[in-house]
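J.: First the structure, which I've put down as structure tokens, then a few questions once you've had a look.
Every number in this text was worked out from the coordinates using simple rules, so none of it is lab data. Model, not experiment: these values are computed from the prediction. In this analysis, Cβ positions are derived from the backbone assuming ideal geometry, glycine residues included, and neighbour counts consider all displayed protein chains.
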Amino acid sequence: MAGPQTTREALLAELLGDVGGLLDRMEVLKVDLPEVADDAADKIKAAGASSAAAIQSATDRAEVRIGDALASLQTAARDAKAAAAVVAGSARRFALLALLTGVAGGAVAGAVVALALSRSLFG
């Protein structure tokens, strides 16, 4: 076969050669693409499993920390309740003591006034 005789024939021959090269590459991709896709899917699955494990681990640690914090809060609440009971009992005792002191002071003051009146009236 003789070489192309016109520019058009030369361009058509080059175009056919390029199309042939593209077809050869497509045949290679038909074989390689499923392998690449499977490899990518495996990597994505592995990354997802790794992420899920990391999230689960972080969740477990957070759960333990929250449990510890809750236990500390419950202990603090019990201690505060006990302290409030002590303060309330002390307040009651101080109120009773103030009442008794007031009554005793009133009795002493009444006795002093009565004594003063009796001296002034009876001499």
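J.: Once the Cα atoms of helix 7-122 and of the chain are each reduced to a long axis, what angle between those two axes, in degrees from 0 to 90 to the nearest 10, is obtained?
T.: 0 degrees
J.: Taking only Cα atoms and a 10 Å spring cutoff, compute GNM fluctuations for the chain and point out the largest among Leu11, Leu99, Leu33.
T.: Of the options given, Leu11 has the highest mean-square fluctuation.
J.: Out of these labelled values of mean projected area of the Cα convex hull in nm², (1) 21.0; (2) 18.2; (3) 7.8, which was calculated from the coordinates shown here?
T.: Comparing each candidate, only (1) matches the computed number.
J.: With just the Cα atoms defining each centre, how far is segment 17-60 from segment 67-117? Give it in Å.
T.: Here the two parts' Cα centres lie 78 Å apart.
J.: So how strong a dipole does the chain carry about its Cα centre when Lys and Arg Cβ are +1 and Asp and Glu Cβ are -1, to the nearest 20 debye?
T.: 2220 debye
J.: Name the residue from Ala62, Ala77, Ala47 whose Cα lies farthest towards the positive end of the charge dipole of segment 19-96, charges +1 on Cβ of Lys and Arg and -1 on Cβ of Asp and Glu.
T.: Value: Ala77.
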